[in-house]
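Encoded as structure tokens, the structure appears first; notes follow it.
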Amino acid sequence: MRKSSREVRQFYSEATDFGIRSGVSIPIRTSYGRTAMITLASDRRRVEVPPWDPMQAALALAYIHVHLSLASASSFKTGDVTLSTQEAISLSWSSYGKSMNVIADLLGIKPRTVQFYLDNARDKLGASNLQHAVRIAMEKELI
């Protein structure tokens with residue numbers, strides 16, 4: 001038996017903590033050469049996976065995405081979010097596609113300060129990246 005790396009052992013340990021014993025991940029090709037993944041996990045020791053059609057997997061992923069998007073925002077977010085004026089302005093400029101350097105020039109501050117404001121806004125909104133933060137801020141009418 002090969003020795004597992006520390007990361008692999010940690011991965012399996014965390015899966016066990018969440019009651020995951022088996023599962024399958026299906027890669028799905030998306031636009032611009034990217035890959036999405038749909039993962040099904042189980043607490044059973046072994047799960048039989050029938051043959052799958054990539055188009056059906058992509059359709060299932062799209063179905064899940066649409067229904068999660070339509071779910072009420074309140075079911076995913078708790079509490080009110082308040083952005084500082086600088087955070088809201090930086091996010092607003094970012095929503096227009098402005099880079100951090102351009103936003104810094106527009107506001108007369110350093111790019112690192114813009115990064116600080118955008119990072120804070122992203123954290124407050126619970127977003128995974130800047131684009132996600134912009135979307136949440138727009139949905140909440142913060143910008």
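Report, by residue number, each residue of the range 9-21 that is in a helix (DSSP H, G or I) and either modelled with pLDDT of 85 or more or more than 23 Å from the chain's Cα centre (by Cα) (or both).
Hits for the range 9-21 are Arg9, Gln10, Ser13, Glu14, Ala15, Thr16, Asp17.
With the condition kept exactly as written, say whether any residue in the range 61-78 is modelled with pLDDT of 90 or more and part of a helix (DSSP H, G or I).
No, every residue in the range 61-78 fails to be modelled with pLDDT of 90 or more and part of a helix (DSSP H, G or I).
Could you grab me the full set of residues in the range 87-108 that are in contact (Cβ under 8 Å) with a residue 12 or more places away in the chain and among the β-branched types (Val, Ile, Thr)?
Of everything in the range 87-108, those that are in contact (Cβ under 8 Å) with a residue 12 or more places away in the chain and among the β-branched types (Val, Ile, Thr) turn out to be Ile89, Ile103.
The values are calculated or read from the model by the stated rules, or taken from the named source; none is laboratory data. Keep in mind the model is a prediction, meaning the values are calculated, not measured. FYI the Cβ positions are ideal-geometry reconstructions off the backbone, even for glycines, and counts take in every protein chain you see.
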